[in-house]
Amino acid sequence: MRKMQYSVAAIAFAAVLPIFASSEYFVGHVLTTMAIYALYASSWNLLAYSGQGSLGHAAFLGIGGFASALLSVKAGLPPIVGLLIGSLLSAGIGLLVGLACVRLKAWFLAMVTFGFSVIAVTIIGQFDSIFGGMIGFPTSAIAEPGLPFYYATLAITATSIIAIFVVMKSKWGLAFKAIHQNELEAKMIGINTAKYRLLAFIISTFFAGLAGGLLAESQLFIQNDIFKAENSFLPLIMSVIGGLGTIEGPVIGSIIIVSIESFMPLAYQYLQPLSPLFPGVSNVGPPLKFVMLGTFLIIIVIFLPKGISSLLRKLSKYLREGETKKGEEI
């Protein structure tokens, strides 16, 4: 119940934030990208919640993005319809991939998904006359750029994350958790592990495809770089930093990573004195960004293995206990 209250408060805060910070870049790029990657990381996190791992989730992000863009631009369908069909297509391909490898253990499955991501971008590249991904092409969106698109994205992301939360708290979620904790014991108590692992894979790839469609629409452009390896590792990093297996973790992680990606370039000019550390590099900003991000991730894994959300929960508990003690003293 408390988590739901916090969720409503977070959605309300995200809705009113543009009123106080109405910068076109902040709303149209930073906040919108945060919302999209919160959805994308949540889709990956659901898969991890069921004891599975993926290092190729960018394949489903890209499939959803290209399918929705092609359907709305070349087939003339309304963008919202293209977005839905693209998500269903991503889930359908997820079903086929899941049927082929759902019985594999976590990191074997992760390697297979990474291989599938490589295959997907190769196919898109080879049939460029159909997909047009090498040069890229403009996309249409479900709403006007800026504030209207942000609110549309926020509504879709909030609804999707609530749906994921409901799944995690349902009987399906209990089965996912049991499989994650001990697959052998889950089998012994009658849980069809292959069925539930496949179910988690389908749901995860549906929402990854939905995020891909929104990403393409937010940029009003799509090309092959949506399949880049970085997009396969980002949801993992976001989930680990925020709190793996929690509903709030991917959201926290996406806020942190997107903030670094968006505002770090503003500091590049002040980092030039560190150029001797990176010989042969004219702009030390990008490599230093990855060094800082890697260092931050290592610190989180070592000192906060349950993510930043665990620290926030402890802080919340401490504040509640403090209020209770004050109330007893009065």
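Using a probe of 1.4 angstrom and keeping all protein chains present, the accessible surface of the range 1-123 works out to 45 square angstrom per residue. Rolling a 1.4 Å probe over the heavy atoms of the protein chains gives the range 174-290 an accessible area of 45 Å² per residue.
Remark: for residue pairs Lys177/Lys306; Lys169/Lys306; Lys289/Lys314; Lys228/Lys289; Lys169/Lys228; Lys195/Lys228, the C-alpha separation exceeds 23 Å in Lys289/Lys314; Lys169/Lys228; Lys195/Lys228. Eigenvalues of the alpha-carbon gyration tensor of the chain, scaled by 5 and square-rooted, set the equivalent ellipsoid semi-axes at 30, 28, 22 angstrom, largest first. Sequentially through the range 163-176, phi angles give Karplus couplings (6.51, -1.76, 1.60; θ = phi - 60°) of 4, 5, 4, 4, 4, 5, 9, 8, 4, 4, x, 4, 5, 4 Hz, Gly and Pro residues having no value and appearing as x. Annotation: amide H-H contacts under 5 Å for Ile222 (H modelled 1.01 Å from N, sequence separation of 5 or more, or interchain): Phe137, Thr139. Over the chain, dividing the summed -39,500 (n - 2.57) contributions of all DSSP H runs of at least 4 residues by the number of residues returns a 222 nm mean residue ellipticity of -24000 deg cm²/dmol. Think of the range 197-317 as a dipole: +1 on every Lys or Arg Cβ, -1 on every Asp or Glu Cβ, centred on the Cα centre; then among Leu271, Phe290, Ile308, Ile308 lies furthest on the positive end. Given a 1.4 angstrom probe, I'd like the percentage of the accessible area of the chain that is carbon and sulfur, rounded to a whole number. Taking all protein chains in place, the chain shows 71 percent carbon and sulfur surface.
Note on the range 9-118: Cα convex hull, mean projected area over all directions, 8.8 nm².
Dipole size of the chain about its Cα centre, with +1 on Lys/Arg Cβ and -1 on Asp/Glu Cβ: approximately 1060 debye, rounded to the nearest 20.
With the Cα gyration tensor of the range 164-314 giving a ≥ b ≥ c as the square roots of its eigenvalues, does the rule (a/c under 1.5 for rounded; else a/b larger than b/c for prolate; else oblate) give rounded, prolate or oblate? Here the range 164-314 falls in the prolate category.
The values are calculated or read from the model by the stated rules, or taken from the named source; none is laboratory data. Owing to the predicted nature of the structure, the values given are computational and were not obtained by experimental measurement. Methodologically, a virtual Cβ is constructed for each residue, glycine included, from the backbone with ideal geometry; neighbour enumeration extends over all protein chains shown. The accessibility values were calculated without ligands, DNA or RNA, using every heavy atom of the protein model including side chains. Shrake-Rupley method; radii C 1.70, N 1.55, O 1.52, S 1.80 Å.
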